[in-house]
Amino acid sequence: MNRIDEKFKQLESEKRGGFIPFIVAGDPNLAATKNLILLLAESGASVIELGVPFSDPVADGVTIQAAAERALRNRIGVTDVLETVKEVRVEGCETPIILFSYFNPILQFGLEKFASAMKTVGADGVLITDLVPEEAEDFRRILAEKDLALIMLAAPTSSDERLKKICDKASGFVYAVSRAGVTGARNEMSNEAENLVKRLRTFTDLPIAVGFGISTAAQIEEVCKYADAAVVGSAIVKEIERSIELVDVIENVRKFVENLSPN
Amino acid sequence: MDFQPNALGYWGEFGGRFVPETLMSPIEELTGAYFAVRDDADFQTEFLNLLQDFSGRPTPLFYAKRLSEKLGGAKIYLKREDLSHTGSHKINNAVGQILLARRMGKKRIIAETGAGQHGVATATVCALFGLECVVYMGDEDMRRQALNVFRMRLLGAEVRGVGAGAKTLKDAINEALRDWVTNVDSTYYLLGSALGPHPYPLMVRDFQSVIGREARRQILEKENRLPDVLVACVGGGSNSIGLFHPFLVDEIVRMIGVEAGGKGNNLGEHAARFNKAGGGRIGVLQGTKSYLLQNDDGQIALTHSISAGLDYASVGPEHAFLQSIGRVEYAMATDDEALAAFQTLSETEGIIPALESSHGIAHAVKIAPEMSPDEIMIVNLSGRGDKDVNQVQEMIDGTPSS
């Protein structure tokens, strides 16, 4: 059993919701990313989403776009992201890590080569923002052969027919997008998310995480009433951005994350 | 071979749909709506009537006698898309898609634009039907195509500048996609080139194929035979696919797409996606698999061209397919060659071409002298150069225009 499945089993037995923070690799630099992963693991992250920066992030709002630009100024590529995972595993971090990417950087790296490298460094799964189920079969098969998860996205706009296709390709967990739109913090959670999670439950027994727009402990608590985990992305990335000028990025983000973590 | 994509929108290995899941339902809805009108006689009649009465079609096929004589080779005809309403071929697709958007009951239209021609065409058809219109345009393109920005605003459209990346067409498409994913229910994305997720490359090609159908009929009337060569510039590839498509079955017709060679062969200095030495490789960008200018990490490269309409890192997937099977050849014209052709056509024919179209003319200037006077070439004059006059004045005189 891989780390993701184990973690969700554990959460279920403890009757707790999961907390899934997202950061962009190389923002503001790789050394900080490594320390941030270790910090997030210590601060109660159930799974960590590590973003692979991309030049044209169409699914992202301004906060994550800016983070990707900062990372790309450091010329961070897929190789660097994998190397960072390797380093935190060497440090003893056993929190599940999934790589969050657009398709082109992975395609250029090579799908087989990427899956092998993920296995070698100890990454547990991958989520591709612009890979819909119709295009996902080759990659799903390659990942499945190595017991690596392909986390699929479901949206409130997805028809039941599409949700079924999505769940058929998914492993690890399903990522339910809380609302139509790009990534970014919002003050209010839409009730579309709860409805989507209910619909997804009829197609899959996989755990379901809700993301997009979640930025506070109260929102996490609310989401975990009906979903298995909550993803916080832009709010943490914004905190990293705010901390760049400060002496200790890590310590500042630690305070923010400790206030978020539901446990 | 019928040159139609498969059900997932692939020509060979090129095309498909690579988008956030949120967009898949609207894209499926669009695909259903488009296939419902594709063979619908009422829709096609409405489309052709508007092209005739509103846009002034058919556009002439003009024998460029002085240019042909000057080059001393092939007999050159110009397909005069520059005479279309709004000044370029972009109006053909805008008319087609606005009729579809109306049938789908959409009230808010968004579009991206590079040179501004597609933005102007979209703003125009939105004014015609009283629909809300938002156009995304890179800040750099707004600067070099300021006249078109004013035209769009005059037509009642809101122009939103995009400051990301190189501030050109690719960045405008990203922002339009973000708007669409946020406003899926109300909004119709009127994409302007033969790009993006299926069904856009097919739909845009279909609407633009009116160019090639007319040109084929016109050359048969004038010369009683098919042309030897077709030449058209290729940015995203809509004017060229529109000219080429109705001739694809005519195996004797040679076709050449002309990409922007920019100012050099290094990545970042040009926009020639089929230029493998210059960094062009197969990849996925903005919804489709095609040739891309990218670095080794799969990050999309900055591009350069004198013409905003060709300044794009990817190319329509059907072009990638036609290149892969060798049906269409792809060549390059540099900034300097395009600028020279801009002046040549102005002086010899009294026609000021768009800088985009000047790349096609530049290639004609290169190959026509090697052809014989009984050979026929058609160059797609995709747009007129009024929008470029200030920019060209700066480049020729070395001084900013007033």
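Charges were assigned to the Cβ only: +1 to each Lys and Arg, -1 to each Asp and Glu. The resulting dipole of region B:260-402 about its Cα centre is roughly 580 debye. Unpaired cysteine residues in chain B (no second Cys Cβ under 4.7 Å): B:Cys233. The residue list B:Ala215, B:Ala194, B:Gly278 was ranked by how far each Cα lies along the charge dipole of region B:175-320 toward its positive end, using unit charges on Cβ atoms, and B:Ala215 comes out on top. When you restrict to C-alpha pairs under 8 Å that are six or more residues apart and normalise by the size of region B:1-106, the relative contact order lands at 19 percent. The GluC sites (Glu not before Pro) of region B:219-261 that DSSP puts in a loop, and whose beta carbon has at most 12 other beta carbons within 10 Å, are B:Glu251.
If you plug the beta carbon distance of B:Asp374 and B:Glu28 into 1/(1 + (r/R0)^6) with R0 = 60 Å, you get a FRET efficiency near 0.75. Remark: C-alpha extents of the protein assembly as shown on the principal axes read 84, 51, 48 Å, sorted largest to smallest.
With a 10 Å cut-off around each Cβ of A:71-79, the average count of Cβ atoms from other chains is 2. The loop-placed GluC sites (Glu not before Pro) in region A:195-263, going by DSSP, that have at most 16 neighbouring Cβ atoms within 10 Å of their Cβ come out as A:Glu245. For chain A, the relative contact order works out to 22 percent when only alpha carbon pairs closer than 8 Å and six or more residues apart are counted.
Averaging the Cα positions of each part gives two centres, and for region B:245-305 and region B:307-343 these lie 7 Å apart. Checking the a/c ratio against 1.5 first, then a/b against b/c, what shape does the Cα gyration tensor give for region B:9-117? Verdict is prolate for region B:9-117.
Modelled label positions at B:Phe35 and A:Asn2, each set 7 Å beyond Cα in the direction of Cβ, lie 3.4 nm from each other.
Think of the protein assembly as shown as having a plus end and a minus end, set by charges on the Cβ of Lys, Arg, Asp and Glu; of B:His304, B:Pro353, B:Asn266, B:Pro353 sits farthest toward the positive end of this dipole. In terms of its alpha-carbon gyration tensor, chain A comes out rounded; the largest-to-smallest axis ratio a/c stays below the 1.5 threshold. Between the residues B:Phe3, B:Phe14, B:Gly73, the greatest Cα displacement towards the positive end of the dipole of region B:1-149, with unit charges on the Cβ of Lys, Arg, Asp and Glu, is found for B:Gly73.
Across the alpha-carbon set of chain B, the Rg to Rh ratio works out to 0.94, Rh being the Kirkwood radius.
Legend: calculated FRET efficiency, B:Asn49 to A:Lys146, from the Cβ-Cβ distance at R0 = 51 Å, rounded to 0.05, equals 0.30. For region B:224-279, with equal point scatterers placed on the C-alpha atoms only and solvent neglected, what are the log10 I(q)/I(0) values from the Debye formula at q = 0.14, 0.17, 0.19, 0.23 1/Å, to two decimals? Each listed q corresponds, in turn, to -0.46, -0.61, -0.71, -0.86. A simple charge model with +1 on the Cβ of Lys and Arg, -1 on the Cβ of Asp and Glu and nothing else charged puts the dipole of region B:74-176 at about 340 debye relative to its Cα centre. From the largest down, region B:45-192 spans 55, 40, 24 angstrom on the principal axes of its Cα atoms. Dividing the summed helix terms, -39500 (n - 2.57) for each DSSP H run of n ≥ 4, by the number of residues in chain A produces a 222 nm estimate of -14500 deg cm²/dmol to the nearest 500. Taken about its Cα centre, region B:27-108 carries a charge dipole of roughly 480 debye when the Cβ of each Lys and Arg holds +1 and the Cβ of each Asp and Glu holds -1. When only Cα pairs below 8 angstrom with a gap of at least 6 residues are kept, region A:1-76 shows a relative contact order of 36 percent.
Ordering B:Ser307, A:Ser158 from the fewest to the most neighbouring beta carbons within 10 Å gives A:Ser158, B:Ser307.
Between B:Glu223 and A:Glu221, the simple label model (points 7 Å from Cα in the Cβ direction) yields a spacing of 7.8 nm.
As an exercise, use a Förster radius of 35 Å and the Cβ-Cβ distance of B:Asn6 and A:Asp160 to find the FRET efficiency, rounded to the nearest 0.05. Efficiency for this residue pair is about 0.90.
Every read-out reported here was derived from the displayed coordinates using simple, explicitly stated rules and does not represent laboratory data. It should be emphasised that the depicted structure is a prediction, and the values quoted were computed from it without experimental measurement. Note that each Cβ is placed from the backbone with ideal geometry, even for glycine, and that neighbours are counted across all protein chains shown.
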